[in-house]
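> First the structure, then my questions, so here it is.
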Amino acid sequence: MRAKTNFAERPQAYEIKDGDAGQKIICFRQNIEEVTTEEGVQYTADEYTLIVPVSQALNKRIEANFEMWLNKAISEDYDRAAAEVRAARDKLLAESDKEMMLDRLGLEAPTGTTFSAYLNFLKTIAAMVAGSWAKYRQELRDITKQDGFPYNVTFPEKPTE
């Protein structure tokens, strides 16, 4: 997952580490910045990881097509982060389903055949459709439209009513 990582020394653009059996972890660094702190100079960078099978000449293949490898790591990182946010959103939507159920409104079917007989019934349904829970659920569905998605997302507050 993309993370701002701190380094004591200026990091390389990428590093290959051992992963589980038969795998390598490639850590790509982008936006490397020098930061002066009370302790001295440090470096920060956005870090993306890519897990690949062990293969011969991995360094050479990365060097020959660095941008492709970096873009693949960024894309996979984005997809993982987006899936995590969507899963959290979907859980909140499922938890809020019960708040939108018509049987929880205590509605009584109107009697009569005139419009005025149905007016309160329709007003109650309209309040539910446009109410705080409906707005909350729409904000959850719009999570993917936030500027920082999927790395910097603000989830809406659950309604208290």
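The values are calculated or read from the model by the stated rules, or taken from the named source; none is laboratory data. Note that this is a predicted model, so its numbers are computed, not measured. For neighbour counting, all protein chains shown are included, and Cβ atoms are generated from backbone atoms with ideal geometry for every residue, glycine included. Calculation scope for accessible area: heavy atoms of the full protein, side chains included, ligands and nucleic acids excluded. Shrake-Rupley method; radii C 1.70, N 1.55, O 1.52, S 1.80 Å.
> Which numbered condition in (1) out of contact with any helix residue (DSSP H, G or I) (no Cβ under 7 Å at 6 or more places or on another chain); (2) surrounded by 13 or more Cβ atoms within 10 Å (Cβ to Cβ); (3) at pLDDT 95 or above is the only one that Gly131 fails?
(3)
> For the range 33-76, name all the residues that are of a type in the set (S, T, N, Q), open to solvent by less than 70 Å² (accessible area, probe 1.4 Å) and under 25 Å from Phe149 (Cα atoms). Steps first, please.
Restricting attention to the range 33-76, the residues satisfying the condition of being of a type in the set (S, T, N, Q) are 36-37, 42, 44, 49, 55-56, 59, 65, 71, 75.
Then keep just the ones that are open to solvent by less than 70 Å² (accessible area, probe 1.4 Å); that gives 37, 42, 44, 49, 55, 75.
Selection gives Thr44, Thr49, Ser75.
> What is the number of the single condition among (1) acidic (Asp, Glu); (2) assigned to a helix (DSSP H, G or I); (3) farther than 27 Å from Val153 by Cβ that Asp90 does not meet?
All conditions are met except number (3).
> Let me ask something additional. Given the conditions (1) open to solvent by 50 Å² or more (accessible area, probe 1.4 Å); (2) modelled with pLDDT of 95 or more; (3) closer than 30 Å to Trp133 by Cβ; (4) hydrophobic (A, V, I, L, M, F, W, C), and given that Val85 satisfies all but one, which numbered condition is not satisfied?
The one condition Val85 does not meet is (1).
> Check whether at least one residue in the range 140-150 is outside any loop (DSSP other than H, G, I, E, B), among the hydroxyl-bearing types (Ser, Thr, Tyr) and open to solvent by less than 60 Å² (accessible area, probe 1.4 Å), and report yes or no.
Checking the range 140-150: at least one residue is outside any loop (DSSP other than H, G, I, E, B), among the hydroxyl-bearing types (Ser, Thr, Tyr) and open to solvent by less than 60 Å² (accessible area, probe 1.4 Å).
> In the range 43-74, which residues are touching a residue at least 24 places away in the same chain (Cβ under 8 Å) and assigned to a helix (DSSP H, G or I)?
Leu58, Asn59, Ile62, Phe66, Trp69, Leu70, Ala73, Ile74
> Does the range 97-120 include one or more residues that are open to solvent by less than 80 Å² (accessible area, probe 1.4 Å), among the polar types (S, T, N, Q) and touching a residue at least 12 places away in the same chain (Cβ under 8 Å)?
Within the range 97-120, not a single residue is open to solvent by less than 80 Å² (accessible area, probe 1.4 Å), among the polar types (S, T, N, Q) and touching a residue at least 12 places away in the same chain (Cβ under 8 Å).
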